[in-house]
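Participant: Just dropping this structure here.
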Amino acid sequence: MRTIPIHVVFILFGVFAQTLMAQDLSKTMEGKVYSEDGDVAATHVLNTTTKKAAITDINGYFSIVVSLNDTLVFSAVQYKRKEIVVHAGILESTFLSVPLEESNIALDEVIVMPYNLTGELGRDMNNMDVGPVISASSLGLPNAHVKPLMQSERLLREASMGPFNLGMLTTIPFNPMINAITGRTKMLKKRVARDIKYNKSQQLRTQFADSLFVLQLKIPLGKIDDFLYFCEVDANFNTIVDSQDLFAIWEFIKQKSVVYRKNNEQ
């Protein structure tokens, strides 16, 4: 029987150990996606091997854990899907740059599964089996229809509170008189109006994602609140927001963004 030299055994063992280490080796890969138009924010990065995902920031940077032979898929609405297999060269590198190719795909109709939504509100509302909305009112809870007052509204009510009765006696309403003379009532009315507008602007902040302000309106993230205050002072602000028409509201803030950027030289 022929024996294998001991040095050959060590060599084979070393190769086998290195293979196992290469298979188990993983690292956090940092990289950046880029394209000709530069709009690479919110690009999805999926490791289909580990089922882990990441999303690029506004400048296209991302980080994701990878191992040898993992498959990375880069996808966005405006770009073609791109797949990259992590080979040894990529795994050993410190940074991965991924070019994306623009995709000009026009869809006549999109069906969203599993609810078969088409995007046409009238048709979708008729096709959906929606149960009753559960709320404090539907449950019959006490004071369900009472709208809570803002702090400024409570202060104004207190400042304007009229006379009240103590048995057979009626007190003189000194508090409203003093507040009216000192101007406190007028000041509180202005504060209530200001707070109402502020609440409406915060409502806009929840209705539209920050990415829409940054990417579509070109408003810096740190300037969104300042931009919304700029919208508040417009005489048509209350009417537009109260309409609850998201298309009209978006068109309004879109037009205001042009003026805002011009005033701030952006």
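Participant: Restricting attention to the range 245-255, does a residue exist that is assigned to a helix (DSSP H, G or I), aliphatic (A, V, I, L, M), over 16 Å from the mean Cα position of the chain (by Cα) and modelled with pLDDT under 85?
Facilitator: Yes, that holds for at least one residue.
Participant: Name the single residue that is modelled with the lowest pLDDT among those in the range 204-228 being touching a helix residue (DSSP H, G or I) at 6+ places or on another chain (Cβ under 7 Å), within 28 Å of Lys190 (Cβ to Cβ) and surrounded by fewer than 16 Cβ atoms within 10 Å (Cβ to Cβ).
Facilitator: So the residue we want is Arg205.
Participant: Restricting attention to the range 229-239, which residues are surrounded by 14 or more Cβ atoms within 10 Å (Cβ to Cβ) and not in a helix (DSSP H, G or I)?
Facilitator: Asp234
Participant: Out of Ser93, Ser103, Ser137, report the one residue that is touching a His at 6+ places or on another chain (Cβ under 7 Å), of a type in the set (Ser, Thr, Tyr) and either farther than 30 Å from Pro220 by Cβ or modelled with pLDDT under 90 (or both).
Facilitator: The unique qualifying residue is Ser137.
The values are calculated or read from the model by the stated rules, or taken from the named source; none is laboratory data. From a predicted model like this one, the values you see are computed outputs, not experimental measurements. All Cβ positions, glycine included, derive from the backbone under ideal geometry; neighbour counts span all protein chains shown.
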